[in-house]
Every structure is written in structure tokens, then in C-alpha cells.
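To start, the structure under review is shown below, and the notes come after it.
Nothing in this text is a laboratory measurement; each read-out follows from the coordinates by a stated rule. All of these numbers come straight from a predicted model, not from anything done at the bench. A quick note on method: Cβ atoms are made from the backbone with ideal geometry, for glycine too, and the neighbour counts reach across all protein chains shown.
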Amino acid sequence: MHSTIGFKERRYIEELRIVTKSTALDCIIDDTYDRVVYVIKKGDMGFAIGKDGGNIKKLQRVLGKRVEMVEECSDLKGFIENILKPAGVRDIVADEESQKLNIYVMSRSDLGIAIGKGGCNVEKCRILVQRYFRKEIGEIILPEGCDN
């Protein structure tokens, strides 16, 4: 684990384990967007979500916050793809000057999904990538010629 988990986060992780029988490796309480973001152990995502999202709905009622889940991945590109799903990620390139990671998406609709309402998805990406890989996210970019 790259950072310490507080009492409240541990309680939320235990609540997830009780409700879903899946394992969360990390939990981030994001008060800005009134949500809880779980990093789920690889392979446990199906258990965590449940049939028709039932486990997420139940957890949202218990916690009183929106619940989002991201499956862990040991490589940076795979982790960013998991964070931004269902948006299609074409490439991730480090800016030469700032060393921030610019994320290139597949299509215009993926751009909106990757950014999210009010920037919530890109903020989730920034928090998690900083926490796990100590890298900064720059911009989410639609490559030229991708107007679909």
C-alpha cells in the first residue's frame, strides 16, 4: 500500500467485504464529489459489482454516498484504462517538459466519458495515479482526425 489508510477508510473497506464478499485494497473518500472510490483486487470486480449492480446499490444505501470501483492493475496504462472505463484509451504519453501524463482517447464520446460530469472522472484518475504511481495527470486529449 502506498499510503496509510485511516479508520474511516478501513471501516468502509470492511463494509464492502461484508456486503459483497470481495476484497478492496484501498478506499478513497472523496468529499468533493460525495463518493467513495474502492480499488478492488484483480479478479474480484464481478463479486464487488454484483448481479445488475445490486452490491453497489446496497453499499450506496449503507454508506449514503455514491460508490465507484476500479480494478487494480500493476502497470500504469492498464490502471488508467481501468479507472476511465468505459472510455477507450488510445495512448498515454509523458509531456517532455512537465513530465505530466497526457491521455489520448479513442473518440469524442470517450473524451466526455473520461472527463466526467464536472471533471469527476479525471479527478479520480489524478488521485489514484498520484497515489499508486507518483505521477501527475496532464490533459485528456482527442487526437487530431478523431472527430467521431
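Data for the structure
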item	result
Under 23 Å from LYS77, Cα to Cα: lysines that are on another chain or at least 8 residues apart	LYS41, LYS42, LYS85, LYS100, LYS117, LYS124, LYS135
Relative contact order, percent, region 76-141 [alpha-carbon distance under 8 Å, six or more residues apart]	35
Degrees between helix 120-133 axis and first principal axis of the chain (Cα, 0 to 90, nearest 10)	80
Residues LEU16, LEU76, LEU84 arranged by fewest to most Cβ contacts within 10 Å	LEU76, LEU84, LEU16
Among SER98, SER109, SER74: highest mean-square fluctuation, GNM of the chain, C-alpha pairs under 10 Å	SER98
Dipole of region 1-109, positive direction: furthest Cα of VAL67, GLY54, PRO86, with charges on the beta-carbon	GLY54
Computed over the chain: relative contact order in percent, which uses C-alpha pairs under 8 Å that are six or more apart	16
Region 76-141, dipole about Cα centre (Lys/Arg Cβ +1, Asp/Glu Cβ -1), debye to the nearest 20	340
Estimated 222 nm signal from helices in the chain, with DSSP H stretches of n ≥ 4 weighted -39500 (n - 2.57), rounded to 500	-12000 deg cm²/dmol
Within-9-Å neighbourhood charge of VAL129 [Cβ basis; K, R +1; D, E -1]	+3
